[in-house]
Amino acid sequence: MNNLKAFLDAVGYADLCGSFFPGAPRLEVWRGVDKNLTDKRLRRFYSLLLTGTKVATAEFEPGEMEILEPLIQKNVLIRKHDCLYSNGLSLYMVMGYWLFFETPNVNPKVYYGDDSFGLVSRLRPVRGGATLDLCAGPGVQSLISSAIASRVVSIEINPYAAAIAELNCDINGIDNWEIRVGDLYDALPPDAVFDHVVCNPPLLPFPDDELYPFVGHGGIDGWSVAWRVLEGLPRFLSRKGLAQIIGTTLSDGVEPMILERLGAWAKTEKMDCDLTVIVQKALDRESEYFKGLVYSASAMGDNSESNLSDSYARMLSETNMNALVTHSLSVRHGSGQVKVTDLFNKSVSSGSLWYV
Ligand SMILES: C[S@@+](CC[C@H](N)C(=O)[O-])C[C@H]1O[C@@H](n2cnc3c(N)ncnc32)[C@H](O)[C@@H]1O
């Protein structure tokens, strides 16, 4: 792997990745620079490792094939019929770390997206402390935390995503990161305690009884996994520790739908919560986000767009909600206070879901 990293650095692949905004990984944007890559060597590695395009093995020099051999052995690359192609993964660089994840598509199982970076850019690991990364996927938050924390444990329910996290651990040469396969805290010893708990859960509000890509289905309020993450915090977060969870939920345009339940939980468990509402987007049949959510669900092939639109509209009407809000949540042991800071202001909207 060290040879591969040095090689990718030397051919300009790292520089190329660094020129794409890490908070918006978009296949069409990567593909859009295809014609600008006049260096043939850079172009074949960009095709193979970033955009998922087949490249004839004859195009690679023998030394290059040797460098790629570990990825062929690990089944990340497939050699077939004189061609080399990626097994659905892209290799990207985020904040100086190499990251394999699934080439962007509507139903990724090994996810890295805008929300991933939304959490990355907010991370506050404790120097020398222990970080727990729940719902780790390919592990970007673990990677970034590993530079500051003395120990990182990540938990991921999908064994394939966890295997890609192992690959990311390996390619970056990280020695303080442990990856466990399991369902949230069940994968930990009961006496484990962490100074920093981070989580980017499946976070999109969607009717419970409709299929939606697993990495994104957050149930009606978008918090079906987040509530379970909160449940374990009183026990697994150290007395002075900080938990950081990113998410979305429904809103009636005034108040996020999870607020009452969050307040009750905080009071009972004596946990202090800082909820920052970042952006609000209208949700009605004509709105971009309504259509986007329905489109992603329809790609599951179980239901038509028109049925899914009806189902989503019914959910909104039954809950009296009309908007999607994005938020970050910080949680600490305390007296049970919930503080809400609502930054949403149409006139200063950045266009992004995760930043003002
Ligand atoms: C939105 S993705 C986040 C992945 C990664 N942390 C990131 O931000 O790029 C959510 C991840 O949670 C995992 N997941 C869902 N339910 C889980 C559970 N109960 N326990 C552990 N992981 C879970 C999914 O497989 C998926 O990889």
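Laboratory data are not the source of any read-out in this text; all were calculated from the coordinates shown. Source: prediction; values computed, not measured. Quick reminder, even Gly has a Cβ in these numbers, built from the backbone with ideal geometry, and neighbours come from all protein chains shown.
Observations on the structure shown:
- Highest mobility in the GNM of the chain, judged by mean-square fluctuation with C-alpha springs under 10 Å and restricted to 252, 15, 272, is found for 15.
- DSSP beta bridges in the chain [antiparallel fraction, %, rounded to 5]: 55 percent
- Counting only DSSP H runs of at least 4 residues, each contributing -39500 (n - 2.57), and dividing by the residue count of the chain, the helix-based mean residue ellipticity at 222 nm comes to -10000 deg cm²/dmol.
- The angle between the Cα long axis of helix 288-298 and the main principal axis of the chain comes to about 70°, on a 0 to 90 degree scale.
- Between 0 and 90 degrees, the angle of helix 2-11 with respect to the longest Cα principal axis of the chain falls at about 80 degrees.
- Translational diffusion of segment 66-181, estimated by Stokes-Einstein from the Kirkwood radius over alpha carbon pairs at 20 °C in a medium of 1.002 mPa s, is 147 µm² per second.
- Close amide H partners of residue 336, meaning residues 5 or more places away or on another chain with modelled amide H under 5 Å apart, are 271, 272.
- Rg to Rh, two decimals, where segment 210-356 supplies the alpha carbon set and Rh follows Kirkwood: 1.00
- Residue exposure sequence - 348, 215, 356 - by fewest surrounding Cβ within 10 Å: 348, 356, 215
- Local electrostatic count, residue 261, Cβ distance below 14 Å [Lys/Arg +1, Asp/Glu -1]: -3
- Largest GNM mean-square fluctuation among 264, 226, 165, using the chain with Cα springs under 10 Å: 264.
- Sites excluded, trypsin sites (Lys or Arg not before Pro) in DSSP loops with at most 12 other C-beta within 10 Å, longest stretch of the chain: 128-269
- ³J(HN,Hα), Karplus 6.51/-1.76/1.60, whole Hz, each residue of segment 150-156, x for Gly, Pro: 8, 8, 10, 10, 10, 10, 9
- Segment 2-93: equivalent-ellipsoid semi-axes (sqrt of 5 x gyration tensor eigenvalues, Cα, Å): 20, 14, 13
- Cα pair distances exceeding 29 angstrom across the chain, given as percent: 44 percent
- Projecting the Cα atoms of 47, 307, 152 onto the charge dipole of the chain (Cβ charges, centred on the Cα centre) puts 152 farthest toward the positive pole.
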